[in-house]
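J.: Shown below is the structure under consideration.
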Amino acid sequence: MKVTVIGGGGRVGSCAAFALQAGAIVSEIQILDANAEMAEGEALDLLHGSSFTADQRIYAGDYERAADSDVFLITAGLRRKPDESRLDLINRNVALFLQILESIKSAGYAKTAKVFVVSNPVDILTQLAVEKLDLPWQQVIGLGTMLDTARFCSLIAEALELAPTQVRALILGEHGDSMLPVWSSATVNGFPLSGLDSCSPSFQNNIFQRTRGSGAEVIKRKGGAGWAVGVAIRDVIHAIALDQKQLLPVSSLVQGAYGVRDICLSVPSVVGRTGVEKHVELKLWPKEHTALQNSGRALKETLDKVQR
């Protein structure tokens, strides 16, 4: 499998490329960036470690060389300027994203290619990719709440002194303010977390607030996320490469599941060789179901304001 990392010279793109190299599943990694010298440096740095990791082809390239990619991983994005509104930032990132899509289209791509959107606002950009590319909606995937879910599980495990790999809980909806925690299905090694006295409503609220604010906390302390998002990206790509049929909270075009329609957001989705193979409607608590529908409405309101 060949993966082209668009924006591979940035923090998220470079961490994703390293996670894919260490994962040793994909066979070819192309680094593409507006800063060609940075892309070459990242590719060279990865190449230097290849003898200790995996037999992969790793190089810097361009859109023409990316045409035969199995996965176009888009991580390129712009940072917020001082005093800039959220909508202004969204519109600047939309403009950049549309340029990237045009470059992909001009260079050409296989009808089986997957476009994997990580750039923010990820749900809005995933929606635009569905609209602008001549691909089935199943092949256009956003990272969605994968990173939020990873943070959620890790913070629960840390607070309750449990093994992180045994904690399973989901964040669904928007990767943003209207995201929602799904405590109804949260478990540790198959046992419901709601059965623990320590997992009180107050505890649940505190953990969710920490999860929702985690991105801002990491930005404040080190400038931006990298390692955790790289691992989340790797897991989605491996699910495609190995046809794992993994149930993941990725963003894709929802057309009726949970009463949400015609908007990209995260719902439980089976991810395999062909992309998002189906959405799975699990039973939610009534307040969770309502929150998911509200998240869909909030995203539609934002989409209506976007200049596209």
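Values in this text are rule-based calculations from the coordinates and carry no lab data. Since we're looking at a predicted model, the values are computed, not measured. With ideal geometry, Cβ positions are generated from the backbone for all residues, glycine too; neighbour counts draw on all protein chains shown.
J.: Could you tell me which of rounded, prolate or oblate describes the stretch 2-142, using a ≥ b ≥ c as the square roots of the eigenvalues of the alpha-carbon gyration tensor, with rounded for a/c under 1.5 and, failing that, prolate when a/b is larger than b/c and oblate otherwise? Could you put the intermediate results ahead of the total?
T.: Values: a/c = 1.99, a/b = 1.35, b/c = 1.47.
It is oblate, given that a/c is not under 1.5 and a/b is not larger than b/c.
J.: What FRET efficiency comes out for the pair THR274/ASP83, r = Cβ-Cβ distance, R0 = 51 Å, nearest 0.05? Provide the component values of the computation, followed by the final result.
T.: Working: r = 44 Å, r/R0 = 0.87.
The calculated FRET efficiency here is 0.70.
J.: Another one. For the stretch 126-168, restrict the atom set to alpha-carbon positions and state the Rg and Dmax in Å.
T.: 16.1, 47
J.: Could you sort the peptides 186-199, 87-100 by per-residue average Cβ neighbour count (10 Å cutoff), highest mean leading? All intermediate terms of the calculation are to be shown ahead of the outcome.
T.: On the way: 186-199: 13.2, 87-100: 17.0.
The most tightly packed comes first, giving 87-100, 186-199.
J.: Which of rounded, prolate or oblate describes the stretch 146-305 when judged by the alpha-carbon gyration tensor and an a/c cut-off of 1.5? It would help to have the intermediate numbers written out before the result.
T.: Details: a/c = 1.27, a/b = 1.21, b/c = 1.04.
Here the stretch 146-305 falls in the rounded category.
J.: Farthest toward the dipole's positive end in the stretch 146-305, which of LEU196, GLY256, HIS238, given Cβ charges of +1 (Lys, Arg) and -1 (Asp, Glu) about the Cα centre?
T.: Of the listed residues, the answer is HIS238.
J.: Taking Cα atoms, how many degrees apart are the long axis of helix 201-212 and the longest axis of the chain, rounded to 10 and kept between 0 and 90?
T.: Value to nearest ten degrees: 10.
J.: Which order do the peptides 294-307, 168-181, 244-257 come out in when sorted by mean C-beta neighbours inside 10 angstrom, highest first?
T.: Details: 294-307: 16.2, 168-181: 23.4, 244-257: 19.6.
Top of the packing list down: 168-181, 244-257, 294-307.
J.: Would you mind getting me the FRET efficiency between GLN166 and ALA216? Use the beta-carbon distance for r and R0 = 30 Å, nearest 0.05.
T.: Values: r = 28 Å, r/R0 = 0.93.
About 0.60, to the nearest 0.05.
J.: Okay, moving on. The stretch 1-50: Rg/Rh from Cα coordinates, Kirkwood Rh? List each step's numbers first, then the result.
T.: Numbers: Rg = 9.6 Å, Rh = 10.5 Å.
Ratio of gyration radius to Kirkwood radius for the stretch 1-50: 0.92.
J.: Follow-up question, since we're still on this one. To the nearest 10 degrees, how steep is helix 227-241 against the longest Cα principal axis of the chain, on a 0 to 90 scale?
T.: Long axis of 227-241 versus the principal axis of the chain: about 80 degrees.
J.: If r is the Cβ-Cβ distance from ASP45 to ASP243 and R0 is 35 Å, what FRET efficiency results, to the nearest 0.05?
T.: Details: r = 31 Å, r/R0 = 0.88.
With a Förster radius of 35 Å, E is 0.70.
J.: Quick one: how many lysine pairs does the stretch 146-305 have with C-alpha atoms less than 26 Å apart and a gap of 8 or more or different chains? Give me the count, please. Display every interim value, and only then the final one.
T.: Values: LYS245/LYS278; LYS245/LYS283; LYS278/LYS287; LYS278/LYS300; LYS283/LYS300; LYS287/LYS300.
Lysine pairs meeting the criterion: 6.
J.: Once you charge only the Cβ atoms, +1 for Lys and Arg and -1 for Asp and Glu, what is the size of the charge dipole of the chain about its Cα centre, to the nearest 20 debye?
T.: On the way: 31 positive and 33 negative charges, 112 e Å.
Roughly 540 debye for the chain.
J.: Which Rg and Dmax, in Å, describe the Cα atoms of the stretch 90-238?
T.: Final numbers for Rg and Dmax: 17.6, 57 Å.
J.: Still on this model: For mean projected area of the Cα convex hull in nm², which listed value, (1) 16.4; (2) 14.6; (3) 15.6, comes from the coordinates shown?
T.: Of the labelled values, this structure produces (3).
J.: Let me know the charge dipole size of the stretch 146-305 about its Cα centre in debye, to the nearest 20, where only the beta-carbon of Lys, Arg (+1) and Asp, Glu (-1) is charged. Kindly include the intermediate steps, with their values, before the conclusion.
T.: Working: 17 positive and 15 negative charges, 42 e Å.
Here the stretch 146-305 has a charge dipole of around 200 debye.
J.: Counting alpha carbon pairs within less than 8 Å and at least 6 residues apart, what relative contact order, in whole percent, applies to the chain? Intermediate results must be reported in sequence, preceding the final value.
T.: Numbers: 591 pairs, mean separation 55.0, N = 308.
Reported as a whole number, the value is 18 percent.
J.: How far is the Cα center of the stretch 252-308 from the Cα center of the stretch 1-73, in Å?
T.: With the stretch 252-308 and the stretch 1-73 each reduced to a Cα centre, they are spaced 30 Å.
J.: Using Cα atoms only, what is the angle between the long axis of helix 122-132 and the major principal axis of the chain, expressed in degrees (0 to 90) to the nearest 10?
T.: 50 degrees
J.: Right, next: For the stretch 242-308, state what percent of all Cα-Cα pairs lands in each successive 10 Å bin, counting from 0 Å until the bin that includes the largest distance.
T.: Percent of Cα pairs in each bin: 21, 47, 26, 6.
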